1. Residue under question is F50, and the condition is that it be among the aromatic types (F, W, Y), farther than 27 Å from M168 by Cβ and at pLDDT below 95; does it hold?
2. Can you run down the residue pairs with Cβ atoms below 8 Å, 6 or more apart or on separate chains, where the first is in region 157-168 and under 19 Å from R86 (Cβ atoms) and hydroxyl-bearing (S, T, Y) and the partner is assigned to a helix (DSSP H, G or I) and open to solvent by less than 30 Å² (accessible area, probe 1.4 Å)?
3. Among the numbered conditions (1) farther than 22 Å from S135 by Cβ; (2) at pLDDT below 95; (3) surrounded by 21 or more Cβ atoms within 10 Å (Cβ to Cβ), tell me where G27 comes up short.
4. If a residue has to be more than 30 Å from G142 (Cα to Cα) and part of a helix (DSSP H, G or I) to count, how many in region 45-86 make the cut?
5. Among the helices (runs of 4 or more DSSP H) lying completely within region 111-214, list those that include at least 3 residues that are modelled with pLDDT of 90 or more.
6. Counting only residues that are polar (S, T, N, Q) and touching a helix residue (DSSP H, G or I) at 6+ places or on another chain (Cβ under 6 Å), which one in region 92-108 is least open to solvent (accessible area, probe 1.4 Å)?
Amino acid sequence: MSVAIQQRAARTKQIILWAAASEFDEGGYERTSLSRIGARAKVTTGAVVFHFATKAELAEAVRQRSRTVTREAVQWAAFDVSGAVRKLMAVTRTLIALFETDEVVRAGERLARELKPQSDPGEECPWRREVARLSRAVEAEGLLSPGADAATLAALVSYVVSGVELAMRRTPPPADEPWLGEAGSLCGAAQVQLERIWALLLPVLGGPVPAAAL
């Protein structure tokens, strides 16, 4: 096989992967078909199957790509600031920005909810692993209120991130409605929602939270 053919095949495979991510993001696993992915990628279903034998294989490829992008993003987010609280906040901001801008990451998050979790510990969700690590660091720095622990903080932050991501998928209410919708969920831009939640959570941290973290 010539280099030109190999390059064309690699480009086609990437186009199919991005088309699959868009379909999974919009419709979920069950409503997505190989024919829909092919139509979105502007290739035949046969071409899709040539590169990815099954829908499950395509979904796993999207999840793998999502994990890679997310892992790199949260590592850089945590590296770029000092202090466990600020690192934890930076990671959540980075995640919400990814959910807002990256279809592959959004699709990976949706597929993680809809499909059975991987049995391989190495395939654990990278952002949840980072949140757990930073929550332990917050505890080690003595910044938790009496009676609180790292596991609870990690669970709370994970629920916040997942909740904001789910809220992003809902149709926003009319502009003249109050900021709390009928379902009791925050409205407005995802980053704004996140900052409001952090403003509520920071006082729970019992130690001297740096002003720069606010």
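The values are calculated or read from the model by the stated rules, or taken from the named source; none is laboratory data. Everything numeric here is computed off the predicted structure, so don't read it as measured data. In this analysis, Cβ positions are derived from the backbone assuming ideal geometry, glycine residues included, and neighbour counts consider all displayed protein chains. Protein only, heavy atoms only, side chains kept; ligands, DNA and RNA dropped before computing areas. Shrake-Rupley method; radii C 1.70, N 1.55, O 1.52, S 1.80 Å.
1. Against the criterion (among the aromatic types (F, W, Y), farther than 27 Å from M168 by Cβ and at pLDDT below 95), F50 qualifies.
2. From residues that are under 19 Å from R86 (Cβ atoms) and hydroxyl-bearing (S, T, Y), the pairs are S158/V131.
3. (3)
4. Residues meeting the conditions: 22.
5. 126-140, 150-168
6. It comes out as T92.
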